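Where a number appears in this text, it was derived from the coordinates with a stated rule and is not lab data. Please read these numbers as outputs of a predicted model, since none were measured by experiment. Because the Cβ atoms are built from the backbone with ideal geometry, glycine has one as well, and the counts that use them run over all protein chains shown.
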């Protein structure tokens, strides 16, 4: 998610907020003092408290903020955390089929991962990059993964890599869909529906 808001903007805003807070609190805690040294001691204590608050917001608190201010799901990036049902329409050469399974998306302000488990295989995240379409603003996920078959067979000889571009459905914010391609000459379509 942090890639949605450029990192230099986040650092700038946090730094300005941090510096302004420290100066204001230091000034009001010792208004009679003119020595810079007298400002430092309470500043270190307050800096520690502010660092703890920032850590809490970045680790878990952002989800609380997203629930209290739902418009952030639209303007920044939606909270996709949770379990999803996945339907995979696949094509490999002349063969095709449908496989169903579960996906788990874990997301924070600074990273994201997605795991997919079906009866025949498990997929793990290599790279997930959340972004918004530069023109429409539609949220999407670039997903690069490694798929490992549970039962190795001549048709599924070993693990393989794939890539997908998943977009939030325009009519249902609890649906992701998009095409995928693999390095073993197969392709298809993912449809994910969030489980409440």
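Structure above, values below:
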item: Label point distance in nm, residue 179-residue 138, each placed 7 Å from Cα along Cα→Cβ; result: 1.4
item: Computed E for residue 148/residue 108 - FRET, C-beta separation, R0 25 angstrom, nearest 0.05; result: 0.50
item: Pairwise FRET efficiency - residue 56 versus residue 19, Cβ, R0 = 25 Å, nearest 0.05; result: 0.80
item: Two-site label geometry, residue 187 and residue 75: point separation in nm, points 7 Å out along Cα→Cβ; result: 3.9
item: Three semi-axes of the equivalent ellipsoid, region 82-194, Cα gyration tensor, whole Å, largest first; result: 24, 15, 13
item: Length-normalised contact order for region 67-196 - Cα pairs under 8 Å, 6+ apart - percent; result: 22
item: Least to most buried among 66, 104 (fewest other Cβ within 10 Å first); result: 104, 66
